[in-house]
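Participant: Next up is a structure, given as structure tokens.
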Amino acid sequence: MTTTKTFIYSHTIGFLAATGRGLTNPVDLAINSQGIIYVLNRAGPETPIRLPSKRVTMCTLDEDWLGDFGTGGTGDGQFWWPSSIAIDSEDRVYVSDEGLQRVTIFDKDGKFLDKWGEKGSGEGQLEYPSSIAFDTDDNLYMTDSGNHRVQKFTRDGKLLDSWGNRGSGTGQFDAPWGLALSGTGDVFISDWGNDRIQRYDGSGRLIEEFPQFPGEDAIHRPAGLAVDDEGNIYVADWGNERVKVLAPDGSLLASLRGESVDSKWAADYFEANPEEGRLRAEADLTPEVEPPVRRDREMSANVESLFWGPTAVKLDGEGRMFVADSIRHRLQVYNTNG
């Protein structure tokens, strides 16, 4: 029996800021045991002016800014193409980096602790590591996108398991991106190039896969994933500028387009800069858009409230859903009935 779920927009966290209180192309987020939200800012391209924007922002649900850590570079504690963030049972923060082919570890305050990983295609080596997630034993699962596989490590980088290879057949991957673990230990993978979601048990045995839906319900280039306690699957449907929610059997429960209004941070900025605030108030933020070839992308580029480049979906276990809205430099927060 499919459970009816509702999603009510709550508020937005963030706005564009190169450093300090703000976000720059957030690609992922994680929430620790104290409710602190860690937002990973990718902030490309990799030019000197952009490097300071590659950082982790710490904030709360109520939009209190707690600081940030990290910067662009290749040294310890620095980022190049940061892709995913996860937190272990001791609130240590882990960041995967597609450019540096490694995982970097910080304490909860952002102090660098360690790093591991090396480039390559051998067992335990990395090629564009994207999503990471911990199981209840603090083992780290990773979508090793460039090697078209999933790898399982101890939290200090010792390889435990690996599965997958490139292809479009059953149990194969084409640049897998998102990864989420269910409460029962199943592993859900968004198979980016094959436009599908795959579900495995913790040892890599394929359980099922969810193929394309017809028409406008089709998933296109799925990115980040989350799974709730009922087994519902939340997909950042990057190619369609949406977040889709699937029931455990893969049927579509909801397709969300985005409903953002200004965050507190943005409101504070416009209050301090009244001329910009005036111009914004006079602007048409919901213009009519003629249907071009890529209507969804064009709509997102012109209508500010909509998702534009949603890359990650996370749940806080208290009925809230967070979406990393990367090109709009913000998180959109929803309340659910689950």
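The values are calculated or read from the model by the stated rules, or taken from the named source; none is laboratory data. Since this is a predicted model, take the numbers as computed values, not measurements. Here the Cβ positions follow ideal geometry from the backbone for every residue, glycine too, while neighbour counts run over all protein chains shown. Note: accessible area is taken over every heavy atom of the protein model, side chains too, but ligands, DNA and RNA are not part of it. Shrake-Rupley method; radii C 1.70, N 1.55, O 1.52, S 1.80 Å.
Participant: Counting pairs of Cα atoms in the chain, how many percent are more than 38 Å apart? Mind dumping the intermediate values first?
Facilitator: Working: 6222 of 56953 pairs.
Result for the distance tail: 11 percent.
Participant: Here's a follow-up. Please list 280-290, 321-331, 298-308 highest first by mean number of surrounding beta-carbon atoms within 10 Å per residue. Numbers along the way, then the final one.
Facilitator: Working: 280-290: 9.7, 321-331: 24.8, 298-308: 19.6.
Top of the packing list down: 321-331, 298-308, 280-290.
Participant: Rounded to the nearest whole Å², what accessible area per residue is found for the range 148-306 with the 1.4 Å probe?
Facilitator: Working: 7530 Å² over 159 residues.
On a per-residue basis, 47 Å².
Participant: What are the ³J(HN,Hα) values, in whole Hz, obtained from phi via the Karplus relation 6.51 cos²θ - 1.76 cosθ + 1.60 with θ = phi - 60°, for each residue of the range 179-187 in sequence order, with x given for Gly and Pro?
Facilitator: Values, residue by residue: 8, 8, 10, 8, x, 8, x, 6, 10 Hz.
Participant: If you don't mind, another one. Run the numbers on the chain and let me know its relative contact order in percent, using alpha-carbon pairs under 8 Å that are six or more apart.
Facilitator: 16 percent
Participant: I need the P(r) histogram for the range 1-90: all alpha carbon pairs, bin width 5 Å from 0 out to the longest distance, whole percents.
Facilitator: 3, 14, 22, 22, 16, 11, 6, 3, 2, 1, 0
Participant: I need to check one value: relative contact order of the range 151-231, counting alpha carbon pairs closer than 8 Å and at least 6 residues apart, in percent.
Facilitator: On the way: 154 pairs, mean separation 19.2, N = 81.
Contact order relative to length: 24 percent.
Participant: Net charge near P26, counting Lys/Arg +1 and Asp/Glu -1 over other residues with Cβ under 10 Å of its Cβ?
Facilitator: Numbers: positive: R42, R328, R330; negative: D28, D325.
Residues close to P26 contribute a combined charge of +1.
Participant: Obtain the radius of gyration and the Kirkwood radius of the range 181-282 from its C-alpha atoms and give Rg over Rh. Before the final figure, lay out each step's value.
Facilitator: Values: Rg = 18.6 Å, Rh = 15.7 Å.
Result for the range 181-282 is an Rg/Rh of 1.19.
Participant: Give the peptides 218-230, 21-33, 127-139 in descending order of average Cβ contacts within 10 Å, highest first.
Facilitator: Going by the mean number of other Cβ atoms within 10 Å, highest first, we get 21-33, 218-230, 127-139.
Participant: Continuing with the same structure: For V103, what is the net charge nearby, where nearby means another residue's Cβ is under 14 Å from its Cβ and Lys, Arg count +1, Asp, Glu -1?
Facilitator: Details: positive: R92, R102, K115, K119, K152, R155, K158; negative: D28, D76, D88, D97, E98, D114, E118, E127, D138, D144, D156.
Summing Lys and Arg as +1 and Asp and Glu as -1 gives -4.
Participant: When the accessible area of the range 219-338 is split by element with a 1.4 Å probe, what percent falls to carbon and sulfur?
Facilitator: 49 percent
Participant: Report the charge-dipole magnitude of the chain in Debye, nearest 20, computed about the Cα centre from +1 at each Lys and Arg Cβ and -1 at each Asp and Glu Cβ. Numbers along the way, then the final one.
Facilitator: On the way: 34 positive and 55 negative charges, 124 e Å.
It comes to approximately 600 debye.
Participant: How large are Rg and Dmax for the range 48-191 when only the alpha carbon atoms are used, in Å?
Facilitator: In order Rg, Dmax, the Cα atoms of the range 48-191 give 15.2, 46 Å.
Participant: At 222 nm, what helix-only mean residue ellipticity would the chain give, in deg cm²/dmol to the nearest 500, using -39500 (n - 2.57) for each DSSP H run of four or more? Mind dumping the intermediate values first?
Facilitator: On the way: 3 runs with 26 residues, N = 338.
Rounded to the nearest 500, the figure is -2000 deg cm²/dmol.
Participant: Another one. Quick one: check the C-alpha center-to-center distance for the range 43-69 versus the range 75-95, whole angstrom.
Facilitator: For the range 43-69 versus the range 75-95, the Cα centre distance is 13 Å.
Participant: Using the crude model of +1 on Lys and Arg Cβ and -1 on Asp and Glu Cβ, and no other charge, please compute the dipole size for the range 107-213 relative to its Cα centre, in debye to 20. Kindly include the intermediate steps, with their values, before the conclusion.
Facilitator: Numbers: 12 positive and 19 negative charges, 32 e Å.
Result for the range 107-213 is approximately 160 debye, rounded to the nearest 20.
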